[in-house]
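Participant: Have a look at the structure that comes next, please.
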Amino acid sequence: EIHVVVLDVNDNSPVFKHRVYTGKVFENTPEGFVVLRVVATDLDAGPNGDISYQFSQGVSQSDSAFMIDPVSGEIKLSKPLDFEAAEKYELSVRATDGGGLSAICKVLVEVVDVNDNAPELVVSTFTSPLPEDALPGTVVALFNVKDRDSGANGKISCALEDQLSFSLRPTYKNYYELVTVNALDREETAQYILFVTAADAGSPPLTTTQTFTVDISDVNDNAPVFNQTSYTMYVRENNVPTVLVGVVSAADGDVGPNAKVTYSLVPAHPTEQPPCSCISVNSENGDVFVLQPLDYEQVKQIKVLVSASDTGSPPLSANVTVHLVVVDENDNAPLVLYPSQDSSPPSSELVPMSAEAGYLVTKVVAVDADSGQNSWLSYHLLRATDPGLFVVGAQNGEVRLRRPVTERDPVKQKLVVLVRDNGQPPLSATASLSALLLSDFSDVRITHSSLTTEDEGHSLTMYLIISLVFVSLLFLTTMAAFVIRKVCKRNELNIGDMVYGAGNLQSGLANAAAAGTLPHPYCYEISLTTGSGN
């Protein structure tokens, strides 16, 4: 019996189950994850049938992301994958038996995208500050958005949050414009903070927010506005020059030079004369001054137009009316109209002897140029030949008889009526009048002649008194001059005697010094002025 043992020879190469292996893996798969397993068989036995696996030397540099188990053929991740870096990998795996024979298969690994990239927003242009007079549709910013993911994960939508003055406008592909929608007003909103949000369509979606801070620059679109629709100011008459009577104030809603306000006086109409020169306004602070004294009796009210203008380009202005009311002061004394005080002699009122108490003799009429209580007049009997005979109405100036006329009353009655206003301090005037008490009005001519002669006698007496006073003053002046001259001469004689006595004193003192004593009969009295020396 012969046993023939057939010894194996490595005449069979390894054979893979599939020539091409494919697998998928998510890009966020962790390291060590088994992507797939390659399997090869060898018909040989023993060491010739033992197979080991390794990557072929021709594999690209991307094979470093994978590793293979040489015994089991499992292909695992050696590092995280990134779909945005490589979407798929092509690997070559070599299976080698113990005899050195080998076979190669291809492995295709597809990376599945995961939404792991947020959208990117890239700003191309941005304008800030933006003038407030920018028209609707003005482009503020231009930007584009992109997402490195693919498919739904790479689809991006943009939105502007809660803004009515701006909007987003898509242009080309993923480019957007940020534009104005309505007119802007810096005085209402000086700064806009805009949030643009870009979101993809992944699950869950990822977002990116870009902030645009848009400052609004000022344009001179606001005229100054006065804090009152008109001003009323008061000044007392006879005021001191350059007196401050009030202030006008205007505010401008703009900023910077556009808000600087200057004040000036302007005519109400371009064709009118320049405004009153007695009023001035400070161009910086709006102080209103009266430059010269005013007289209420000449002008009671002045109306001027004050203009407030800003320094913008072009400048804007506003006007307001200022009423300057002159307040009356009691600077006018009452003026007596009747009886006239200019006639000489004054006219006389005729009163019958039969007149009873309350008889109207005359009426004093006076006016006052002032107004208000300064012009309220009251009448008082200041002096009278017989004060008990007449009474004056305090309000109406009527001169009436207090009692009936008697035979003992003087025929000619002189009265002085005081007219006083109600100002502070009160001013007054006097009215002189005369009354003739007659039993018969036919005696008027005779009485007037005697009164005229009496008045002439009074004038002559006045002249004599003046002459006497003048002569007396002349006599007193002459006597004073004479006395002064006598006193001066006496002083000169006293000075001479004093000098002579001083010489005798010096001689006597010298003799006394020689004899050792002063003579008893001699007594000297010396008067020297201050600073006269020895």
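Participant: Could you check the simple spin-label distance between Phe289 and Asp162, using points 7 Å along Cα→Cβ, in nm with one decimal?
Facilitator: 5.5
Participant: Another question, then. Could you give me the ³J(HN,Hα) list for segment 481-490, computed from phi with Karplus coefficients 6.51, -1.76, 1.60 and θ = phi - 60°, whole Hz, x at Gly and Pro?
Facilitator: Using θ = phi - 60°, the values come out as 4, 5, 5, 4, 5, 4, 5, 5, 4, 4 Hz.
Participant: Whole-Hz Karplus ³J(HN,Hα) for segment 81-90, in order, using 6.51 cos²θ - 1.76 cosθ + 1.60 and θ = phi - 60°, x for Gly and Pro?
Facilitator: Per residue, the Karplus-derived 3J(HN,Hα) values read 9, 9, 4, 6, 8, 8, 8, 8, 10, 10 Hz.
Participant: Counting other Cβ atoms within 10 Å, which chymotrypsin sites (Phe, Trp or Tyr not before Pro) in segment 154-183 have at most 11 and lie in a DSSP loop?
Facilitator: Here the sparse-neighbourhood loop sites are Tyr172.
Participant: If you stretched the chain out fully between Lys88 and Ser432, how much longer would it get, using 0.36 nm times the residue separation minus the C-alpha to C-alpha distance?
Facilitator: Working: separation 344, 0.36 × 344 = 123.84 nm, distance 13.35 nm.
This chain segment gains 110.5 nm when fully extended.
Participant: Could you check the spin-label model distance between Asp8 and Phe482? Points 7 Å from the Cα along Cα→Cβ, value in nm.
Facilitator: 18.7
Participant: For segment 139-232, which GluC sites (Glu not before Pro) are both in a DSSP coil and crowded by at most 11 other Cβ atoms within 10 Å?
Facilitator: Sparse-neighbourhood loop GluC sites (Glu not before Pro): Glu161, Glu188.
Participant: Name the long-range amide H neighbours of Glu132: under 5 Å, sequence gap of 5 or more, or other chain; modelled H, no Pro or chain starts.
Facilitator: Correct list: Ser217, Val219.
Participant: Further question: Counting only DSSP beta bridges with both residues in segment 15-112, what percent are antiparallel, rounded to the nearest 5?
Facilitator: 75
Participant: Taking square-rooted eigenvalues a ≥ b ≥ c of the alpha carbon gyration tensor, is segment 15-112 rounded, prolate or oblate, where a/c under 1.5 means rounded and, failing that, a/b exceeding b/c means prolate?
Facilitator: prolate
Participant: Whole number please: convex hull volume per residue, Cα atoms of segment 120-217, in Å³.
Facilitator: Values: hull volume 8.1 nm³, N = 98.
Given the Cα convex hull of segment 120-217, per-residue volume reads 83 Å³.
Participant: Contact order normalised by length for segment 225-327, with contacts defined as Cα pairs under 8 Å and 6 or more residues apart; what percent is it?
Facilitator: Contact order relative to length: 38 percent.
Participant: May I pose another question? Pop a pseudo-label 7 angstrom from the Cα along the beta-carbon direction at both Val471 and Gln395 and give the gap in nm to one decimal.
Facilitator: The modelled label-to-label distance comes out at 5.7 nm.
Participant: On to the next question. At 1.4 Å probe size, with every protein chain present, just tell me what the per residue accessible area of segment 120-217 comes to in Å².
Facilitator: Here the residues of segment 120-217 average 54 Å² of exposed surface.
Participant: So which of Lys260/Lys300; Lys17/Lys76; Lys79/Lys106; Lys106/Lys155; Lys76/Lys173 end up more than 28 Å apart, counting from Cα to Cα?
Facilitator: Among Lys260/Lys300; Lys17/Lys76; Lys79/Lys106; Lys106/Lys155; Lys76/Lys173, the Cα-Cα distance tops 28 Å for Lys260/Lys300; Lys106/Lys155; Lys76/Lys173.
Participant: Take every DSSP beta bridge whose two residues both sit in segment 120-217, then give the antiparallel share in percent to the nearest 5. Please report the intermediate quantities before stating the final value.
Facilitator: Working: 30 of 32 bridges.
Of all bridge pairs located within segment 120-217, approximately 95 percent are antiparallel.
Participant: Follow-up question, since we're still on this one. On full extension of the chain, what length is gained from Val114 through Arg402, given 0.36 nm per residue of separation minus the C-alpha to C-alpha distance? Working shown, then result.
Facilitator: Numbers: separation 288, 0.36 × 288 = 103.68 nm, distance 12.67 nm.
Result: 91.0 nm gained on full extension.
Participant: Here is a further query. Distance from a point 7 Å along Cα→Cβ of Leu350 to each backbone N in segment 402-431: keep the residues under 17 Å and list them by number.
Facilitator: Correct set: 411-413.
Participant: For segment 114-200, which trypsin sites (Lys or Arg not before Pro) are in a loop by DSSP, counting at most 10 other Cβ atoms within 10 Å? Don't jump to the answer; show the numbers that get you there.
Facilitator: Numbers: sites: Lys146, Arg148, Lys155, Lys173, Arg186; in loops: Arg148, Lys155, Lys173, Arg186.
Sparse-neighbourhood loop trypsin sites (Lys or Arg not before Pro): Lys173.
The values are calculated or read from the model by the stated rules, or taken from the named source; none is laboratory data. A quick note: this is a predicted structure, and the numbers were derived from the prediction, not measured. All Cβ positions, even for glycine, are placed from backbone atoms using ideal geometry, and neighbour counts span all protein chains on display. Quick note on the areas: whole protein, heavy atoms, side chains included, nothing else; ligands and nucleic acids left out. Shrake-Rupley method; radii C 1.70, N 1.55, O 1.52, S 1.80 Å.
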